[in-house]
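Here is the structure we will look at.
Nothing in this text is a laboratory measurement; each read-out follows from the coordinates by a stated rule. Small disclaimer: the values here were computed from a predicted structure and weren't measured. Every residue, glycine among them, receives a Cβ derived from its backbone with ideal geometry; neighbour counts consider all protein chains shown.
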Amino acid sequence: MKKKLVITSILFLIFIQNINAQGWQWIDTGFPVHIFDMSFPPGQSNVGFAVGSTLIFNGDGIVLKTTDGGSNWMKISVDTLPGLKAVYFTSLNVGYAGGYQNFLMKTTDGGASWQSLMIDSKLWYFNNIKFYDDNNGVVISYPKSVYRTSDGGISWDSTYGVKRSVEDICYADDTNLFIVGGDQKIYKSTSGGFLWTEVYSGTLLQQFYGVDFFDENYGLVCGDSGKVLVTTDSGTNWTFNTVNNIVSLSDVHIIDAQNSFVVGSPEQIYKSTNAGSSWISDFNGGANISLYKILFTENHAGLISGSQGKILKNTDYIVPVELTSFTPVEYLLEQNFPNPFNPSTTISFVLPEAAEVTLKIYNTLGQKVAELVNTTLESGRYSYVWRAENFPNGTYIYELRANDFKLFKKMILLK
């Protein structure tokens, strides 16, 4: 039921960049392990998973789960796992984790139980897992093995062209992928991960550790000696710069066309606000904790995994800001903008009163693919960004529920 109120002023809540508020804060998971990797399922800001090991090499493995956006973590694994290096969840229920002793496993019930997967008995350890959608994914195993699946991990195919050790992998879109690794090599696939071609070669005996692409053309790579490479033409050309030559950069994450982060050890975070052209320090800690992986959740909270069971969290990148004052007269769900869109769009809505709110996104089969909001909100206007890089072209439906109010609209992802 829509509630009518008298307009008195305008209260407008939006989300904007504000990196200088609380900044990065340490979270102690309570488990003194190396947290090598994290994954939040597509559309999730609250539920996420992390994996790690008691030792940098081998050790005992652990799987952690959060239901509050990374502030608190619980152990959901048994005590007999080998050390784990990589995790990726394609949904709240389906996920993959891998690590030492040629160990790879899959869950279909949100981590409550796991099934072992065997790709090749000769592999050493898995150090990265990425999926484009529910079916298409790639795993990389040290030193230089790359395997792809098109049926959700039921079967795996060998790939060809990678000749050096591999560290990280990234989907630019459904067919274009990039791998980085030893001798600062960068490889590209235009066949969904089946064939690979070297597109960059750097310094011998040095590594690239992280790669991320915002779209098919714009991507960043980071590695030893504080090196960052930028491409704006899908890997044909690369621009080189040094962030800090005494820091080994372990991972990179692109927020949007301008903003990005790199992380490294010892306890260093750098940010760029000009598409990787220059970098400034965003966090300078001590020298005790190694930093491994960085991600941003659907609501743009930043998380960085580290050693000693520590995680850095930043909720300041997007914050509510009061622009003017107003009391809305009714519930309202606005048309997303832009529409059609690629790869992100903004969805706004107005609440005339405090409400339990959910904002969910569905495909045309009625399957939920993302949940942007699931919390209590005060009266006002809100905007949320949906990043759809890992979703296929097509029509999507977004649905707002607030107390007894329910409304949906259509939007088009056009890549």
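Below, the figures for the structure above:
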{"item": "For Ile269, net neighbour charge (Lys/Arg +1, Asp/Glu -1) across residues whose Cβ lies under 11 Å away", "result": "-2"}
{"item": "Segment 108-154: chymotrypsin sites (Phe, Trp or Tyr not before Pro) in DSSP loop, at most 16 other beta carbons within 10 Å", "result": "Trp124"}
{"item": "Segment 113-241 - percent relative contact order, Cα under 8 Å, separation 6 or more", "result": "15"}
{"item": "Computed over segment 17-318, the ratio Rg/Rh where both radii use C-alpha atoms and Rh is Kirkwood", "result": "0.93"}
{"item": "14 Å beta-carbon shell around Phe126, net charge (K/R +1, D/E -1)", "result": "+2"}
{"item": "Point-charge dipole on Cβ atoms (K/R +1, D/E -1) for segment 17-318, about Cα centre, debye to 20", "result": "640"}
{"item": "Residue among Asp212, Asp316, Asp120 with the largest mean-square fluctuation in a Gaussian network model of the chain, springs linking Cα atoms under 10 Å", "result": "Asp120"}
{"item": "Charge context of Asp215, other residues only, Cβ under 15 angstrom, K/R +1, D/E -1", "result": "-4"}
{"item": "In order through segment 217-232: 3J(HN,Hα) via Karplus (6.51 cos²θ - 1.76 cosθ + 1.60), integer Hz, x for Gly, Pro", "result": "9, 9, x, 10, 10, 9, x, 4, 6, x, 7, 10, 10, 10, 10, 10"}
{"item": "Overall dimensions of segment 273-415 as given by Cα atoms, namely Rg and Dmax in Å", "result": "18.1, 54"}
{"item": "FRET E, pair Thr242, Glu330, Förster distance 56 Å, beta-carbon r, rounded to 0.05", "result": "0.55"}
{"item": "Surface/4 of the Cα convex hull for segment 38-128, nm²", "result": "5.5"}
{"item": "q = 0.25 Å⁻¹, segment 122-203: log10 I(q)/I(0) [Debye, one scatterer per Cα]", "result": "-1.25"}
{"item": "Rounded, prolate or oblate (a/c below 1.5 giving rounded, otherwise prolate when a/b exceeds b/c) for segment 79-127 by Cα gyration tensor", "result": "prolate"}
{"item": "Of Ser234, Ser248, Ser281, the one that fluctuates the most in a GNM where the chain has Cα springs shorter than 10 Å", "result": "Ser281"}
{"item": "Positive-end extreme of charge dipole, the chain - chosen from Phe31, Ser155, Ala50 (charges on Cβ)", "result": "Ser155"}
{"item": "Contact order relative to length of the chain, as percent, for alpha carbon pairs under 8 angstrom and 6 or more apart", "result": "16"}
{"item": "FRET efficiency estimate (nearest 0.05) - Cβ-Cβ, Ile280 to Tyr160, R0 56 angstrom", "result": "0.85"}
{"item": "Among Val230, Leu295, Tyr96 - extreme Cα towards positive end, dipole of the chain, charges at beta-carbon", "result": "Tyr96"}
{"item": "Under the Karplus curve 6.51 cos²θ - 1.76 cosθ + 1.60, θ = phi - 60°, whole-Hz ³J(HN,Hα) for segment 25-36, x wherever Gly or Pro sits", "result": "10, 6, 10, 9, 6, x, 10, x, 10, 7, 8, 7"}
